[in-house]
Amino acid sequence: MSTLRLGDKAPNFDAQTSQGKINFYEFLGDSWGILFSHPADYTPVCTTELGAAAKYKDEFEKRNVKVMALSVDGVESHMDWIKDINETQNTNVNFPIIADEDRKVADLYDMIHPNADDTLTVRSVYVIAPDKTIKLMITYPASTGRNFEELLRVIDSLQLTAYKKVATPANWKSGEDVVISPSVSNEEAEKLFPKGFKEVKSYLRMTPQPD
Ligand code: BEZ
């Protein structure tokens, strides 16, 4: 296993999941993807996280994002636990959970950090673009549940960069002004951003979020 970095191709794999055997690239198709690991089934923080992820279904669909989760427990355990998640979180888990009992995918994506726990996965998040390159990697410890609003915020930023040649400033939220990428000249910016832009410094140009 080599360490994955931003810009690398996300490794493909076949895996048993709570929705049957899946090839990762076929599952993703031309969509964006989120692959996220959690330490173990039947644990409290994970139960809330998977419930939360399921509730964001419409938000993920709006952004053309497919979601896949992973833990190192088996399919039967996943299937039983999903019933608990649905009941306690008042939702319907609608994405596959990889049953990574042999840790094949966890190793491929460096999701086991032995000095934190030598068998369970940490809370890794990978965001993958339609060309299968890795655009975002975040790692949380087992004790901290992820913030799915933050994940959506980063996906909005990544998609603005991919499609509109803008970047997003500190604490940006969708709808707020964005930053024009340094590679865009002022001449090009006038054509690309009909709402106009403000040149605070030659290297700091702000424009309303493009539609
Ligand atoms: C949890 O999901 O609640 C959890 C899992 C492993 C360690 C600590 C918490």
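List of remarks:
- Test: residue 15 is touching a strand residue (DSSP E or B) at 6+ places or on another chain (Cβ under 8 Å) and more than 16 Å from the ligand (Cβ to nearest atom): yes
- Cβ-Cβ distances below 6 Å connect the following pairs, each with a first residue in the stretch 135-151 that is on the phi < 0 side of the Ramachandran plot, a second residue that is more than 16 Å from the ligand (Cβ to nearest atom), and a separation of six or more residues or different chains: 135/127; 135/129; 135/158; 136/127; 136/154; 137/126; 148/56.
- Complete set of residues in the stretch 5-28 that are open to solvent by less than 20 Å² (accessible area, probe 1.4 Å) and either modelled with pLDDT under 95 or under 16 Å from the mean Cα position of the chain (by Cα) (or both): 10, 24, 28
To keep it simple, each residue is scored yes or no on (1) open to solvent by less than 20 Å² (accessible area, probe 1.4 Å); (2) under 30 Å from residue 156 (Cβ atoms); (3) among the hydroxyl-bearing types (Ser, Thr, Tyr); (4) part of a strand (DSSP E or B).
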residue	(1), (2), (3), (4)
30	no, yes, no, no
59	no, yes, no, no
80	no, no, no, no
84	no, no, no, no
95	yes, yes, no, no
101	no, no, no, no
111	yes, yes, no, no
127	yes, yes, no, yes
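- Residues satisfying the stated conditions in the stretch 75-125, i.e. touching a residue at least 60 places away in the same chain (Cβ under 8 Å), of a type in the set (Ser, Thr, Tyr) and more than 16 Å from the ligand (Cβ to nearest atom): 109
- Complete set of residues in the stretch 32-57 that are surrounded by 21 or more Cβ atoms within 10 Å (Cβ to Cβ) and under 13 Å from residue 71 (Cα atoms): 35, 36, 37, 38, 39, 41, 46, 49, 50
The values are calculated or read from the model by the stated rules, or taken from the named source; none is laboratory data. What you are looking at is a predicted structure, and each value in this text was computed from that prediction instead of being measured. Counting neighbours? That spans all protein chains shown, and the Cβs are built from the backbone with ideal geometry, glycine included. Ligands, DNA and RNA are excluded from the accessible area calculation, which covers all protein heavy atoms including side chains. Shrake-Rupley method; radii C 1.70, N 1.55, O 1.52, S 1.80 Å.
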